[in-house]
Amino acid sequence: MIYPMSEEIFSHKETRPNGDIIECRIWKVPISKHNPDGLDYSCVFIRGGKRLIGYDNSEGHESKGTTHHKHVKDRILSYEFEDIWKLIEDFDKDVEKIENGLIQ
């Protein structure tokens, strides 16, 4: 979700020759109950038009105990958010696992 008072602080999109798409965007947003960190983010790895890995803190997943979560194919898992650098590192590691066949 993009907030009216948001500021994009990180944006990267890569489309690889095989069609894989890797995109990560992070915004600074007003601190709120939903965004106590003052951040909103979405990182996604798409292959063949399907999301294989996705990290985000969108609303609607509070039942997992937090809005921070990741999508691994059709599963939604809680994600322990520390900071944006760790987020990018964790996302990159999961992309590498998909590419190496370690996540099926």
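Just so you know, all these numbers are worked out from the coordinates, no wet-lab data involved. None of the values given here were measured: they were computed from a predicted structure. In this analysis, Cβ positions are derived from the backbone assuming ideal geometry, glycine residues included, and neighbour counts consider all displayed protein chains.
Listing for the model above:
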| quantity | calculated |
| --- | --- |
| Helix 84-99 vs. the chain, principal-axis angle (Cα, 0 to 90°, nearest 10) | 20 degrees |
| Partners for Lys50 among lysines (Cα-Cα distance below 30 Å; same-chain residues under 8 apart left out) | Lys13, Lys28, Lys64, Lys70, Lys73, Lys86, Lys93, Lys97 |
| Extended-chain gain in nm, criterion 0.36 nm per residue less alpha-carbon gap, Asp20 and His34 | 1.9 nm |
| Which of Ile103, Ile53, Ile9 has the fewest Cβ neighbours within 10 Å, and the rest in rising order | Ile9, Ile103, Ile53 |
| Rg followed by Dmax, in Å, when the chain is reduced to its Cα trace | 13.7, 41 |
| Förster radius 22 Å - calculated FRET efficiency between Ser6 and Arg51 (Cβ-Cβ, nearest 0.05) | 0.45 |
| For the chain, calculated [θ]222 nm from helices alone, where every DSSP H run of n ≥ 4 adds -39500 (n - 2.57) | -5000 deg cm²/dmol |
